[in-house]
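The values are calculated or read from the model by the stated rules, or taken from the named source; none is laboratory data. Every value quoted in this text rests on a predicted model; they were computed, and no experiment measured them. Every residue, glycine as well, gets a Cβ built from its backbone with ideal geometry; the counts of neighbours run over all protein chains shown.
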Amino acid sequence: MSEAAVKTKQVMLVEAYNMALADAMADDEKVVVLGEDVADAEEGGVCGVTRGLSSRFGTKRVRSTPITEQAIMGAAIGASLVGWKPVAEIMLMNFTTVAMDMIVNHAAKLRYMTGGQTHVPLVIRTMTGAGFSSGGQHSDFFEAWFAHTAGMKVVIPSTPEDAYGLTRSAIDDPDPVMIVENMPLYWTKGDAPNPGHRVPIGKAVVRVPGNDITIVSYARTHLESLGALKALGEAGVSAEIIDLRSIQPWDEECVLESVRKTGRLLIVHEAVKPFGVGAEIAATVNEKLFGQLKAPVERLGAPFNSVPFSQPLEALHVPNAARIAEKAIAMVKG
Amino acid sequence: MNSNSPDGPTQLEIFRKMALLKANDERSRKVISSGRLVMPYYSYRGQEVIPSALAVNLRDDDYLCTIYRGIHDMLAKGLPLKSLWAEIAGRVDGTCKGKGGPMHLTDVSKGVMVTTGIVGSSMPIANGLAWAAQLEGTDQVAVATFGDGASNIGAFHEALNLAAVWKLPTIFLCQNNRYAEHTRFDVGTSAAQVADRAKGYGIPGVRVDGNDPVAMYTVAREAVERARAGEGPTLIEAMTFRFHGHVFGDAGGYIPKEEYAEAVANDPYPRFRAQLIANGIASEEELAGIEAGYEAEIDAAVEFALNSPFPGAEELTSDVYGVVA
């Protein structure tokens, strides 16, 4: 099969995550997976991300745990201190709250507090996202909390290639990396990743070049931004669409270079707008490009409320293509 | 005598550690009182027997996760005095280049893997180190030490349960000094004994007089042997008392005077010292020599620490992330 033929094969994100874990485990016997229901006896994860791994690599390396987030994170931290590379699944991002002490006070800080004597090369996989009427405790995006914690890295892929490449880079990384898996994207398709593919943490990507406005987003809101292109084109607005991919560290250079060209920036995310990732990016762009901006930097995020259950309300909660287009057109056309 | 009881040389070894620990605590309080060092200091005076009797059963490659009141645990495990003092003085020659301080002392070469300032958090991480030993098929053990107050926090229960279901070589060592910060044990703890809580997790739970070196040694040895043999975790509740309150400066107004006086009268240090002499294990001169030796070592460590430079400004922002290969 030619390389081009391999390249055109389409896979879903859920498969890409699975492939990344399998390839990492095959390449390095120090990679171990733990979390609630991750082994095949428990059906390989609620969405099947880890399906098949325990059958292939054994339950010693792919270990289901009780529902015990603090103990999961503690076990992952301890093992990582002495050379293991644990990939710990915290089933839902809201459940990271239960393990916050382990993540924030320990995983993130041990390298610094020990003067570099120890470090914590672990990966936290966690899924989230509105779209399933899961209500207020199963859908939140908390990436800003972790991005605000020195010592943590945070990535949020939106394509199968990035899901694979960022997972591999996260496992290679010497520090704790949280992979936020946006649940509605699990079953979207894209080009299959090449085995061994890596996406550097901290690198964004310009998906669509444009001249009038830069739209920075990630995960589902990135797909919504792409979905806004048609309306933007019809309005005569040329938008440059950036998929941020990494939240901490974020690719300042890529965003600044784009905004230098377009003079306008709209940041879109599913997390609530106040104190979110958009605020950090907006502040940085204001500091560095103040005189070159043609319009104030704007943000679109969820309103400042919990994720609602009722479908029409949930749909209103997440910025969509129509609202992105409307906002961007207003910014360009004044 | 139980086959797990300490012989004479082992008892002397326990005493050596106790002498080091006691002298170091006394010096720490003296140096802080003099104003030469500033830190939150959690005196362990009165609790020396527990880590001393445990540590003679451990190797350098066994793991320890301890807490803010844990300098006795670390010294017993072998953390060197000079790097200890340099760290608590915030100097570059400290175990953590002065960036961790007394609550985060670490020495991987001695198995002092994590020191936490968060009540209860030593336990989940000790499980991870024990899991690593299990994955590697070694006979290393991991010890989590913590206070009686920590047995009321969720991390304790999650950690005991996981250690039990995974049969991890973790030793949960509760140093019950009768007060959780200022709250008396029975006021804050529903169980009559912390050790009773082991039943709920299907693991052995033992309450022992943590001020009795022979009893403490025996219980610790059994737990260590059990863990090394792959038979799983043990919860030890070692009864003790802290003589100087929760944190340096705490006058202990919440402790009844009679209770305090009785505990001090039963100070385990002079008691064990006299016992060694009475049993012919060591002479007064020998023990005095050990004590004088530590005083001199501590003199040198304090001097070393105070002459060590402070970390440079570049250290403020280093060690946040490592280098990506």
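B:V114 fails exactly one of the following numbered conditions: (1) assigned to a helix (DSSP H, G or I); (2) within 8 Å of another protein chain (Cβ to nearest Cβ). What is the number of that condition?
Result: B:V114 fails condition (1) only.
If you check A:G278 against the conditions, is it assigned to a helix (DSSP H, G or I) and farther than 18 Å from A:A204 by Cα?
no
Given (1) at negative phi; (2) in contact with a strand residue (DSSP E or B) (Cβ under 9 Å, 6 or more places away or on another chain), where does A:G202 come up short, assuming only one miss?
The one condition A:G202 does not meet is (1).
Suppose we filter the stretch B:188-217 for residues that are buried (at least 18 other Cβ atoms within 10 Å of the Cβ) and acidic (D, E); how many remain?
Final tally of qualifying residues: 1.
Just wondering, is there one or more residues in the stretch B:58-74 that are closer than 29 Å to B:T138 by Cα, without any contact (Cβ under 8 Å) to a residue 24 or more places away in the chain and part of a loop (DSSP other than H, G, I, E, B)?
No, every residue in the stretch B:58-74 fails to be closer than 29 Å to B:T138 by Cα, without any contact (Cβ under 8 Å) to a residue 24 or more places away in the chain and part of a loop (DSSP other than H, G, I, E, B).
Can we say B:R45 is more than 14 Å from chain A (Cβ to nearest Cβ) and either farther than 26 Å from B:N4 by Cα or of a type in the set (A, V, I, L, M) (or both)?
It is true that B:R45 is more than 14 Å from chain A (Cβ to nearest Cβ) and either farther than 26 Å from B:N4 by Cα or of a type in the set (A, V, I, L, M) (or both).
Taking the stretch B:277-325 as the region of interest, how many residues are among the hydroxyl-bearing types (S, T, Y), within 14 Å of chain A (Cβ to nearest Cβ) and surrounded by fewer than 13 Cβ atoms within 10 Å (Cβ to Cβ)?
Total meeting the criteria: 1.
Please determine, by comparing only the residues of the stretch A:96-105 that are more than 7 Å from chain B (Cβ to nearest Cβ) and crowded, with 22+ Cβ neighbours inside 10 Å, which one is nearest to A:Y17 (Cα to Cα).
A:T96
So which of B:Y42, B:Y68 is touching a Lys or Arg at 6+ places or on another chain (Cβ under 6 Å) and closer than 26 Å to B:F156 by Cβ?
Selected residue: B:Y42, the only one of B:Y42, B:Y68 that is touching a Lys or Arg at 6+ places or on another chain (Cβ under 6 Å) and closer than 26 Å to B:F156 by Cβ.
Of all strands (runs of 3 or more DSSP E) completely enclosed by the stretch A:140-248, which ones contain at least 3 residues that are buried (at least 20 other Cβ atoms within 10 Å of the Cβ) and within 14 Å of chain B (Cβ to nearest Cβ)?
A:153-155
Would you be able to say whether some residue in the stretch A:51-61 is closer than 18 Å to A:V177 by Cα and more than 12 Å from chain B (Cβ to nearest Cβ)?
Looking through the stretch A:51-61, none of the residues is closer than 18 Å to A:V177 by Cα and more than 12 Å from chain B (Cβ to nearest Cβ).
So is A:V205 in contact (Cβ under 8 Å) with a residue 24 or more places away in the chain and either of a type outside the set (A, V, I, L, M) or touching a helix residue (DSSP H, G or I) at 6+ places or on another chain (Cβ under 7 Å) (or both) or not?
no
Please find, among A:E270, A:E287, A:E314, the residue that is in a helix (DSSP H, G or I), under 29 Å from A:M93 (Cα atoms) and of a type in the set (D, E).
Just a single option satisfies the conditions, and that option is A:E314.
Taking interchain pairs and intrachain pairs at least six residues apart, which have beta carbon atoms under 8 angstrom, with the first residue in the stretch A:168-185 and assigned by TED's automatic domain parsing to the domain that holds A:V155 and farther than 17 Å from A:E270 by Cα and the second part of a loop (DSSP other than H, G, I, E, B) and basic (K, R)?
A:R168/A:R198; A:S169/A:R198; A:D172/A:R198
Among the residues that make up the stretch B:218-226, is at least one of them part of a loop (DSSP other than H, G, I, E, B) and surrounded by 19 or more Cβ atoms within 10 Å (Cβ to Cβ)?
no
Determine whether the stretch B:234-250 contains at least one residue that is closer than 17 Å to B:V141 by Cα, assigned to a loop (DSSP other than H, G, I, E, B) and over 17 Å from the mean Cα position of the chain (by Cα).
no
Condition first: among the polar types (S, T, N, Q), on the phi < 0 side of the Ramachandran plot, in a helix (DSSP H, G or I) and at pLDDT 95 or above. Can you find one or more residues in the stretch A:5-15 that meet it?
Taking every residue of the stretch A:5-15 in turn, none turns out to be among the polar types (S, T, N, Q), on the phi < 0 side of the Ramachandran plot, in a helix (DSSP H, G or I) and at pLDDT 95 or above.
In the stretch A:124-147, which residues are without any contact (Cβ under 8 Å) to a residue 60 or more places away in the chain and closer than 18 Å to A:Y218 by Cβ?
Of everything in the stretch A:124-147, those that are without any contact (Cβ under 8 Å) to a residue 60 or more places away in the chain and closer than 18 Å to A:Y218 by Cβ turn out to be A:I124, A:T126, A:T128, A:W145.
Residues checked against (1) within 14 Å of another protein chain (Cβ to nearest Cβ); (2) among the charged types (D, E, K, R); (3) surrounded by fewer than 21 Cβ atoms within 10 Å (Cβ to Cβ):
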position	(1), (2), (3)
A:I77	yes, no, no
A:G83	yes, no, yes
A:P86	yes, no, no
A:N94	no, no, yes
A:A107	yes, no, no
A:G115	yes, no, no
A:T126	no, no, no
A:G131	no, no, yes
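Can you tell me how many residues in the stretch B:83-96 are more than 19 Å from B:R29 (Cβ to Cβ) and surrounded by fewer than 24 Cβ atoms within 10 Å (Cβ to Cβ)?
4
Pull out all pairs, ordered by first then second residue, where Cβ-Cβ is under 8 Å, the residues are six or more apart or on different chains, the first lies in the stretch A:248-263 and is under 14 Å from A:I201 (Cβ atoms), and the second is among the small types (G, A, S) and surrounded by fewer than 22 Cβ atoms within 10 Å (Cβ to Cβ).
Filtered contacts from the stretch A:248-263: A:Q248/A:A147; A:P249/A:G202; A:W250/A:A147; A:W250/A:G202; A:W250/A:A204; A:D251/A:G202; A:D251/A:A204; A:C254/A:A204.
Looking only at the stretch B:139-151, decide whether some residue is modelled with pLDDT of 95 or more, within 14 Å of another protein chain (Cβ to nearest Cβ), touching a Gly at 6+ places or on another chain (Cβ under 9 Å) and farther than 17 Å from B:D60 by Cα.
Yes; the residues of the stretch B:139-151 include at least one that is modelled with pLDDT of 95 or more, within 14 Å of another protein chain (Cβ to nearest Cβ), touching a Gly at 6+ places or on another chain (Cβ under 9 Å) and farther than 17 Å from B:D60 by Cα.
Any residue at all in the stretch A:176-189 that is touching a strand residue (DSSP E or B) at 6+ places or on another chain (Cβ under 9 Å) and farther than 26 Å from A:A88 by Cβ?
yes
Could you tell me which of the residues B:K99, B:K82, B:K30 is at negative phi, not hydroxyl-bearing (S, T, Y) and not in a helix (DSSP H, G or I)?
B:K99
Can you find a residue that is within 30 Å of B:M123 (Cβ to Cβ), touching a His at 6+ places or on another chain (Cβ under 6 Å) and in contact (Cβ under 8 Å) with a residue 12 or more places away in the chain anywhere in the stretch A:99-116?
Yes: the stretch A:99-116 contains one or more residues that are within 30 Å of B:M123 (Cβ to Cβ), touching a His at 6+ places or on another chain (Cβ under 6 Å) and in contact (Cβ under 8 Å) with a residue 12 or more places away in the chain.
Any idea which of B:L129, B:L168, B:L135 is surrounded by 24 or more Cβ atoms within 10 Å (Cβ to Cβ), in a helix (DSSP H, G or I) and not charged (D, E, K, R)?
Just one listed residue meets the conditions, B:L129.
Looking at B:I277, B:I290, can you tell me which residue is assigned to a helix (DSSP H, G or I), of a type in the set (V, I, T), over 30 Å from B:A89 (Cβ atoms) and out of contact with any strand residue (DSSP E or B) (no Cβ under 8 Å at 6 or more places or on another chain)?
Sole residue among the options that is assigned to a helix (DSSP H, G or I), of a type in the set (V, I, T), over 30 Å from B:A89 (Cβ atoms) and out of contact with any strand residue (DSSP E or B) (no Cβ under 8 Å at 6 or more places or on another chain): B:I277.
What tally of residues in the stretch B:102-111 results from selecting those that are assigned to a loop (DSSP other than H, G, I, E, B) and at negative phi?
Result for the stretch B:102-111: 5.
For A:I67, indicate whether it is surrounded by 20 or more Cβ atoms within 10 Å (Cβ to Cβ), over 30 Å from A:P303 (Cβ atoms) and among the aliphatic types (A, V, I, L, M).
Judged against the criteria, A:I67 is not a match.
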